[in-house]
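The values are calculated or read from the model by the stated rules, or taken from the named source; none is laboratory data. Keep in mind it's a predicted model, so treat the numbers as computed, not measured. So basically every Cβ, Gly included, is an ideal-geometry build from the backbone, and we count neighbours across all protein chains shown. The protein model used for the area step is the full one, side chains on, heavy atoms only, and it has no ligands, DNA or RNA in it. Shrake-Rupley method; radii C 1.70, N 1.55, O 1.52, S 1.80 Å.
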Amino acid sequence: MLKEQDFGRPVANWTPPKPPAFETLSGTFAYLERLDAERHAELLYAAYGGSDAVWNYLPYGPFDHLDAYTAWVRNAASQDDPRFYAIFNIDSGAFEGVASYLRISPMAGSIEVGHINFSPALQGTRAATDAMALMMGWAFEAGYRRYEWKCDAANKRSRRAAQRLGLSYEGVFRQAAVIKGRNRDTAWFAAIDAEWPALRTAFDTYLAPDNFEPGGRQRQSLSQLTAGVRVAEDPSLT
């Protein structure tokens, strides 16, 4: 007979959250709106500027011409899962990347962020961080319990980004997929709802104007601010 300690803790007053409704997410340095082929494809294609490297770890791309990318955007934008957003960098005044919610599971209270594709101009900017904070914030404030990030285990840049944002390392699923004819091991990261208040404080502190010198140099790094929240570090990054 199962004993009480053999069960997980009760989840009091649990109500499954709603799926994302494509509302615009607005921050200090970025805003996100539903991806649209007519509004965004040409601008994003120009932002990627023939940089094939941005497609290395994605299952699609690079695209040889605008028409091919526009067709991909049109198809991606029509889906409910993944739900794609275009990212506008307020500092530069341009759309410079995309990201999506995917594996949206309201009954489990779980949602993933993925298909992240930042143009060279967006990479490493405050707008990029703000965009990720906005997506995480919407998920937890909507009632999701778990926020996931998965990436090719060979993609050290993505693994470093997940950890910097405060997501905890949860391991590697070996031979999880075949992408572009190559094996993909998948590294898993996640944050949970109990960690969101501390992560929100970390994001607010990092993105505050007084955390940046006049030239844009940061005074406190986000990695330092989220270190106390993460329950497990990625050993590949040490």
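Computed values, structure above
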item	result
Heavy atoms of residue 213 accessible to a 1.4 Å probe, total area in Å² rounded to 10	70 Å²
Solvent-accessible surface ranking, highest first, for 152, 64, 91, 185 at 1.4 angstrom	64, 91, 185, 152
Per-residue SASA entry for residue 182, accessible area with 1.4 Å probe, Å² rounded to 10	130 Å²
Over the chain: helical MRE at 222 nm, DSSP H runs n ≥ 4 each giving -39500 (n - 2.57), nearest 500	-8500 deg cm²/dmol
Exposure of residue 238 as accessible area (Å², to 10), given a probe of 1.4 Å and all protein chains	140 Å²
Contour minus Cα-Cα distance for residue 80 and residue 232 (0.36 nm per residue)	51.5 nm
Solvent-accessible surface ranking, highest first, for 18, 150, 156 at 1.4 angstrom	18, 156, 150
Lys/Arg +1, Asp/Glu -1 at C-beta; the chain dipole; positive extreme among 99, 181, 142	181
Kyte-Doolittle at least 0.5, axis length at least 20 Å by Cα - qualifying DSSP helices, the chain	126-142
Nitroxide proxy distance, nm - points 7 Å out along Cα→Cβ at residue 178 and residue 198	4.3 nm
Lys, Arg +1 and Asp, Glu -1 on Cβ, resulting dipole of the stretch 162-238 about Cα centre, debye, nearest 20	400 debye
Shape call, the stretch 120-219: gyration tensor on alpha carbons, a/c limit 1.5	oblate
Which labelled figure in (i) 74, 46, 36; (ii) 51, 41, 39; (iii) 63, 45, 37 is Cα extents along the principal axes in Å, once derived from the coordinates	(iii)
FRET efficiency, 1/(1 + (r/R0)^6) with R0 22 Å, evaluated for residue 22 and residue 71 via beta carbons	0.60
